[in-house]
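Below you'll find the structure, written out as structure tokens, and then a few comments.
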Amino acid sequence: MTEALLSVEGLVKHFPVRRGWFGKAYVRAVDGVSFSVARGEALGLVGESGCGKSTTGNLVLRLLAPTAGSIRVNGKDVARANAGEGRDLCRQVQMVFQDPFSSLNPALSAGANVAEPLRVQRVGSRASRRQRAAELFGQVGLRPDQLDRRPAEFSGGQRQRIGIARALALNPTLLLLDEPVSSLDVSVQAQVLNLLRRLQRELGLAYLFISHDLSVVRHVCDRVAVMYAGRIVEIGARDAIFRRARHPYTRALLSAVPLPDPARRGEKERIVLRGEMPSLLDPPRGCRFAPRCFQAQPECRTHDPELLPMEDNAGHRAACLFPMPVAPH
């Protein structure tokens with residue numbers, strides 16, 4: 001088996017909130033999530049807003065402390081890392097943010113933004129850091145003579161390239177990308193996605209790609225994990241998810257993806273879910289998707305399904321008591 005670069009086991013994050021004058025309740029934002037990312041692999045983490053995917057990313061980055069569970073990078077537990085180990089983990093795991101307009105420091109030049117991780121980590125001299133920034137500019141498709149421009153002088157796509165260059169400054173092995181193209185025009189999205197795929201091939205990077213756009217995930221990722229109400233409900237190879245999805249929620253998400261050929265758009269049956277995702281303050285007993293599920297049985301409201309291998313592929317797992325049959329394609 002390919003060695004896991006990132007290993008997440010039983011990850012839990014509960015946020016305490018005040019309920020009434022004396023009571024305290026907890027928002028179960030992430031509630032028992034497990035997955036791994038191999039070296040050089042791209043794992044897509046998808047789901048609707050509020051499902052917990054961005055919170056999961058923040059936990060991996062140590063921006064939040066987990067309530068329970070473990071996060072290991074190269075075998076080292078992120079939550080229990082000391083200051084020195086934490087600095088080393090920062091070098092290995094870097095972030096590309098969603099909004100290229102607010103993720104860069106407007107008071108610094110583009111080159112200084114890219115070199116900032118090197119300065120913080122005390123790597124090299126000022127001259128060597130500038131040289132490294134120039135190299136990274138070339139790597140992401142920008143010109144070295146643009147180093148001294150301010151972020152405001154660049155377009156949205158160019159700013160996201162600067163953000164990617166900054167994330168690469170410390171030679172990480174894993175990039176966490178949180179909706180990295182959602183704020184860009186469609187034509188620019190394609191350019192940035194192609195850049196990310198090229199960098200992954202050339203540098204051997206692993207990606208944890210957080211998105212709600214399944215078309216983007218299909219273009220970039222090797223495997224896909226589908227989250228709903230704080231839990232992973234289905235995970236598997238890209239083709240297993242897009243061609244042989246077994247969980248009703250995954251099927252509903254896929255039915256909403258438009259076909260690129262207008263002549264074929266009538267061929268796909270749209271699954272419209274009723275209601276909204278349940279409150280994570282008081283999630284329903286049994287399957288959390290049962291109140292919205294179009295094929296729920298009485299057992300679904302009393303039994304909490306485990307994430308179990310599907311008979312067609314052991315690497316394809318779904319948390320459903322009554323998995324849907326493989327759809328013809």
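What fraction of the DSSP beta bridges in segment 151-295 is antiparallel, stated in percent and rounded to the nearest 5? Provide the component values of the computation, followed by the final result.
Details: 6 of 11 bridges.
Beta bridges within segment 151-295, antiparallel portion: roughly 55 percent.
In percent, how large is the relative contact order of segment 136-200, given Cα pairs closer than 8 Å and 6 or more residues apart? Before the final figure, lay out each step's value.
Numbers: 33 pairs, mean separation 21.9, N = 65.
Here the relative contact order equals 34 percent.
For VAL216, VAL192, which order do you get if you count the other beta carbons within 10 Å of each Cβ and list the fewest first? If you can, show how the numbers build up before the last one.
On the way: VAL216 21, VAL192 25.
Ordered by Cβ neighbours within 10 Å, fewest first: VAL216, VAL192.
With +1 on each Lys and Arg Cβ and -1 on each Asp and Glu Cβ, and nothing else charged, work out how big the dipole of the chain is about its Cα centre, in Debye to the nearest 20. Please list the in-between numbers first.
Numbers: 46 positive and 32 negative charges, 131 e Å.
Taking the Cα centre of the chain as origin, the dipole is about 640 debye.
Give me D for segment 131-204 in µm² s⁻¹, whole number, from Stokes-Einstein with Rh from the Kirkwood sum over alpha-carbon pairs, 37 °C and 0.692 mPa s.
On the way: Rh = 12.7 Å.
Approximately 258 µm²/s, per Stokes-Einstein.
For segment 291-326, which trypsin sites (Lys or Arg not before Pro) pass both filters: DSSP loop (anything but H, G, I, E, B) and at most 12 other C-beta atoms within 10 Å?
Values: sites: ARG292, ARG301, ARG317; in loops: none.
Passing both the DSSP loop test and the Cβ count: no residue.
How would you rank 174-181, 81-88, highest first, on the average number of other Cβ atoms within 10 Å across their residues? Intermediate results must be reported in sequence, preceding the final value.
Working: 174-181: 23.6, 81-88: 11.9.
In decreasing order of mean packing, 174-181, 81-88 become 174-181, 81-88.
In whole percent, what relative contact order does segment 42-187 give with Cα contacts below 8 Å and a gap of six or more residues?
Numbers: 177 pairs, mean separation 44.1, N = 146.
In percent, rounded to a whole number, it is 30.
Return CYS287, CYS221 ranked ascending by Cβ neighbour count within 10 Å, so the fewest neighbours appear first. Intermediate values should be presented prior to the final figure.
On the way: CYS287 27, CYS221 23.
Starting with the residue having the fewest Cβ neighbours, the order is CYS221, CYS287.
Using Cβ contacts closer than 10 Å as the measure, can you line up SER70, SER102 from fewest to most?
Details: SER70 15, SER102 12.
The order, fewest Cβ neighbours first, is SER102, SER70.
Calculated FRET efficiency, LEU203 and ARG143, Cβ-Cβ r, R0 25 Å, to nearest 0.05? Walk me through the intermediate numbers first.
Numbers: r = 21 Å, r/R0 = 0.82.
The computed FRET efficiency comes out at 0.75.
Against the 2.2 N^0.38 Å scaling, with N counting residues, where does segment 21-92 land? I'd like the Cα-based Rg ratio to two decimal places. The partial results should precede the final answer.
Values: Rg = 14.2 Å, N = 72, 2.2 N^0.38 = 11.2 Å.
With N residues counted in segment 21-92, Rg over 2.2 N^0.38 Å equals 1.27.
When the convex hull of the Cα atoms of the chain is projected onto a plane and the area is averaged over all directions, what value comes out in nm²?
Numbers: hull surface 78.6 nm².
Orientation-averaged projected area of the Cα hull: 19.7 nm².
Compare ARG80, ARG129, ARG39 in a GNM of the chain, Cα atoms joined below 10 Å, and give the one with the largest fluctuation.
For the chain, modelled as a Gaussian network with Cα springs under 10 Å, the answer is ARG80.
Give me the tail of P(r) for segment 181-312 as a percent: Cα-Cα pairs with distance above 24 Å. It would help to have the intermediate numbers written out before the result.
Details: 3532 of 8646 pairs.
Of all Cα-Cα pairs in segment 181-312, 41 percent lie more than 24 Å apart.
Which Rg and Dmax, in Å, describe the Cα atoms of segment 26-147?
When restricted to Cα atoms, segment 26-147 yields Rg and Dmax of 17.2, 51 Å.
Any read-out appearing in this document is the output of simple, stated calculations on the displayed coordinates, not a laboratory observation. Small disclaimer: the values here were computed from a predicted structure and weren't measured. Note: ideal-geometry Cβ built from the backbone for every residue, glycine included; neighbour counts use all protein chains shown.
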